[in-house]
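The values are calculated or read from the model by the stated rules, or taken from the named source; none is laboratory data. On a predicted model such as this, the values are computed, not experimentally measured, just so you know. All Cβ positions, even for glycine, are placed from backbone atoms using ideal geometry, and neighbour counts span all protein chains on display. Heavy atoms of the whole protein, side chains included, go into the accessibility calculation; ligands, DNA and RNA do not. Shrake-Rupley method; radii C 1.70, N 1.55, O 1.52, S 1.80 Å.
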Amino acid sequence: MRPERTEAIVLHTFPARERDKLVVFLTPDHGKRKGFAYGARSLKSRFGAALEPLAKIRIVYVEREADEVVRIESVDLVRSLFPAQQTLLTSVAASYLAEMVDTFAQADDPSELIYRLLDRTTEALLAGAAPLRVVAYAEVWMLRLTGILPSLRNCGECHEALGRPLRFDTRANGFVCGNCAGRDAEVVPNAVADAIEAVMRTSVADFAAADIPPDVLFEIRALAGYVRRHFLGHELKSYEVLAGVSR
C-alpha cells in the first residue's frame, strides 16, 4: 500500500459509523475518489475543517488493490470556501457546482480540466463574482468538457457550417442550419449565441464581470439545462433549490 499524495477538492462528506466520515473528493490526476477519514467526526479530529465541501486540500491516502474506497491518512487545508458561503445564494450555488461535478466526474479517470474548472469557479465565488454567472459558465463548460454540448459551428444534421441566427432543434438535440431546421426549431438570439461563445474564450472571472443582461443569462442556463437533462434523463437535485433562492 503506497501512499498517494495529491491536491484535491472536497465534493461531499457523509457520516460513517460513529466517529468517521466518507469523503468524496476530486483530484486532477486520479479523478473522483472516495475515502474514509477515521475519527473525522470526533471533537478533537486531526482533520479539523479541512473536509468541508469545496475545500481545496493536499491529501495523502492509501488504497488496497481492488478496493474502491481509500483510507485518508492526512489532509492539509489549502483554501476554504467558508468566506463565500455567508450569503445564501452563493452557498447554494457552491452546492450546485459540487453536485454537478460529482455527477459528471468519473472515478479513477484523470480529469484535470474538470478539476481546473471547479478550482477556478470556486475561486471566482470567493472573489465575490455573481453566483449565477459563475454557475452559467460552469454549466456550459461542463457540457463541453464531457462532449455533451452540441457543436455551435456545424449543423447537427448535415454538418454544414452554421450561420446566424443559430437554431436549436430539440428533435436533433442540437444546433441545425436553416435547411435542416424543423418547424419547432427555436431561433437562438444572437446575444445568447455571442454569450455562449464568450464562455468558450474567456476566464470565469472575465465572464462574470462582463455586461450580460439577465434575460441572456437566463437563456444560456435554460439551454444548458435542456441539454443536460436530455443526457442524464433527470435534473440535478439542487437545481430547483438554486432556482428558488435566485428568484
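Once the 1.4 Å probe is applied to the protein heavy atoms, the range 136-201 comes out at 52 Å² accessible per residue. Lys-Lys pairs in the chain that are eight or more residues apart or on separate chains and whose Cα atoms lie under 20 Å of each other come to 7.
Annotation for the range 173-225 versus the range 119-155: alpha-carbon center distance of 12 Å. Backbone geometry of the range 54-66 corresponds, through the Karplus equation with coefficients 6.51, -1.76 and 1.60 at θ = phi - 60°, to 3J(HN,Hα) couplings of 6, 6, 8, 9, 10, 10, 10, 9, 10, 9, 8, 4, 6 Hz, x marking Gly and Pro. A straight chain from GLU52 to ALA191 at 0.36 nm per residue would run longer than the Cα-Cα distance by 46.2 nm. For the listed peptides 70-80, 102-112, a ranking on the average number of other beta carbons within 10 Å per residue, highest first, reads 70-80, 102-112. Under 5 Å from the amide H of ASP20 lie the amide H atoms of GLY39, ARG41, each residue being 5 or more positions distant or on a separate chain, with H modelled from the backbone and absent for Pro and chain starts.
Let's test the formula: R0 of 45 Å, r as the Cβ-Cβ distance of SER203 and ARG2. What FRET efficiency results, to the nearest 0.05? Mind showing how you got there, number by number?
Details: r = 36 Å, r/R0 = 0.81.
It comes to 0.80.
Any idea what the dipole of the chain comes to, in debye rounded to 20, about its Cα centre with Lys/Arg Cβ at +1 and Asp/Glu Cβ at -1? Don't skip to the answer; put the middle values down first.
On the way: 31 positive and 33 negative charges, 125 e Å.
Its charge dipole is roughly 600 debye.
Ordering 93-101, 197-205 by mean Cβ neighbour count within 10 Å, with the highest value first, yields 93-101, 197-205.
With +1 on each Lys and Arg Cβ and -1 on each Asp and Glu Cβ, how big is the dipole of the range 72-136 about its Cα centre, in debye rounded to the nearest 20?
440 debye
Packing order of peptides 130-136, 85-91, highest average first: 130-136, 85-91 (average count of other Cβ atoms within 10 Å over each peptide's residues). Counting only protein heavy atoms and a 1.4 Å probe, the range 39-79 has 61 square angstrom of accessible area per residue. Relative to one another, the C-alpha centroids of the range 1-55 and the range 64-111 are positioned 9 Å apart.
Shape analysis of the range 9-131 places it in the oblate category; the axes a ≥ b ≥ c from the Cα gyration tensor give an a/c of at least 1.5, with a/b not above b/c. For the chain, the membrane-span-like helices by this rule, meaning whole DSSP H stretches whose C-alpha atoms cover at least 15 Å of axis and whose Kyte-Doolittle mean is 0.5 or above, are 88-104, 131-145, 190-201; this says nothing about an actual membrane. Which entry is the computed log10 I(q)/I(0) by the Debye sum over Cα atoms at q = 0.07, 0.12, 0.13, 0.17 Å⁻¹ for this structure: (i) -0.21, -0.63, -0.74, -1.25; (ii) -0.49, -0.79, -0.85, -1.23; (iii) -0.27, -0.73, -0.83, -1.24? Entry (iii). Counting charges near VAL134 (Lys, Arg +1; Asp, Glu -1) among other residues having Cβ under 11 Å from its Cβ returns a value of 0. Amide hydrogen proximity for LEU149: with H placed 1.01 Å from N in the peptide plane, the residues at 5 or more positions away or on another chain lying under 5 Å are ARG144.
Let a ≥ b ≥ c be the square roots of the eigenvalues of the Cα gyration tensor of the range 148-247; is it rounded (a/c under 1.5), or, if not, prolate (a/b larger than b/c) or oblate?
oblate
Apolar share of the accessible surface for the chain: 49 percent from carbon plus sulfur atoms, 1.4 Å probe.
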